[in-house]
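Down below is the structure, laid out as structure tokens.
The values are calculated or read from the model by the stated rules, or taken from the named source; none is laboratory data. What you see is a predicted model, and the numbers here were worked out from it, not measured in a lab. A quick note on method: Cβ atoms are made from the backbone with ideal geometry, for glycine too, and the neighbour counts reach across all protein chains shown. Please note that ligands, DNA and RNA were not included when accessible areas were found on the heavy atoms of the full protein model with its side chains. Shrake-Rupley method; radii C 1.70, N 1.55, O 1.52, S 1.80 Å.
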Amino acid sequence: MTDQVSDWTCYHVTRQLPYNPHASLTVGSEIESGEASNPFYGFYETPRRYSVTMQDGSVVQYGAIGFLKGVERGEISSPQLPTIAAEISNHYLMLARELLMEMVRLECAPLAPSRQSALWVTPDLEAARIWQDRLGSSGRILQLSATGKVHLADAGLLLGDAEAISETKAKAVQYWTQFDQSTAVEPEALFAGRATVVAEVC
């Protein structure tokens, strides 16, 4: 469900992350969203690399798939392999999910804010607290006044594990075209426009 809003009160959970190029948000900060890649999607501009110390002491950088193939061939041994393999799998699952979500958005809801450039917000404080708990203790909840477009959706429909592509697409269509607050597993909102931080809640 996509709507135009003006001076809409919403909430945003912010964290300082290594891949976030933006300054920390404070009361009075102005946020423009909807054009440039947001930090979440911008993360994929940096290739995933792994350093491997060779027998001669030199350090070689491997791309994610090159690293796994090196392990498969017996050229690389790593005690962190289970963690790294899960990390790489999740990296590509999330990338595939976001590319598919954008493809379906363009087909079904081209006026909705893109997940690649939108600001994640919640329409109420209770939902913001749930996301704060999920994101960890470093997350701060900010109250915003926002003017632009907002799309309400259920994040419970997003791809999280292996499934048939037909099922993934059907869920993506539902994400972009149907929203029922009473049945949503993980309500979220995507905002594109201009927002001002009016208060830091906690």
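With all protein chains kept in place, the per residue accessible area of the stretch 147-196 amounts to 47 square angstrom at a probe of 1.4 angstrom. Pick from GLU75, GLU107, GLU35 the residue whose mean-square fluctuation is largest in a GNM of the chain, springs joining Cα atoms under 10 Å. Among GLU75, GLU107, GLU35, the largest mean-square fluctuation in the Gaussian network model of the chain belongs to GLU75.
Of the residues ALA146, THR122, GLY136, the one whose Cα sits farthest toward the positive end of the charge dipole of the stretch 83-188, with +1 on the Cβ of Lys and Arg and -1 on the Cβ of Asp and Glu, is ALA146. Spin-label model, VAL201 to SER6: label points 7 Å out along the Cα-to-beta-carbon direction sit 2.5 nm apart. In a fully extended conformation the segment linking LYS69 and GLN174 would gain 34.1 nm over its present Cα-Cα distance, using 0.36 nm per residue. Just the number, please: carbon plus sulfur as a percent of the accessible area of the stretch 59-202, 1.4 Å probe, no ligands or DNA/RNA counted. The value for the stretch 59-202 is 56 percent carbon and sulfur by accessible area. Within the chain, the selection of entire DSSP H helices by a Cα span of 30 Å or greater along the long axis and an average Kyte-Doolittle value of at least -0.5 returns 81-108.
Could you tell me which label, among [x] 8, 29, 32, 19, 10, 2, 0; [y] 8, 34, 37, 17, 4, 0; [z] 7, 21, 18, 10, 8, 9, 10, 10, 6, 1, 0, carries the value of P(r) over Cα pairs in 10 Å bins from 0, in percent calculated for this structure? From the options [x] 8, 29, 32, 19, 10, 2, 0; [y] 8, 34, 37, 17, 4, 0; [z] 7, 21, 18, 10, 8, 9, 10, 10, 6, 1, 0, the structure gives [x]. Rounded to the nearest 10 square angstrom, SER166 shows an accessible area of 80 square angstrom against a 1.4 Å probe.
Determine the calculated [θ] at 222 nm for the chain from helices alone, applying -39500 (n - 2.57) to every DSSP H run no shorter than 4 residues and normalising by the residue count; nearest 500 deg cm²/dmol.
That calculation yields -10000 deg cm²/dmol at 222 nm.
About the centre of its Cα atoms, the chain shows a dipole size close to 360 debye [charges on the beta carbon of Lys, Arg (+1) and Asp, Glu (-1) only; nearest 20 debye].
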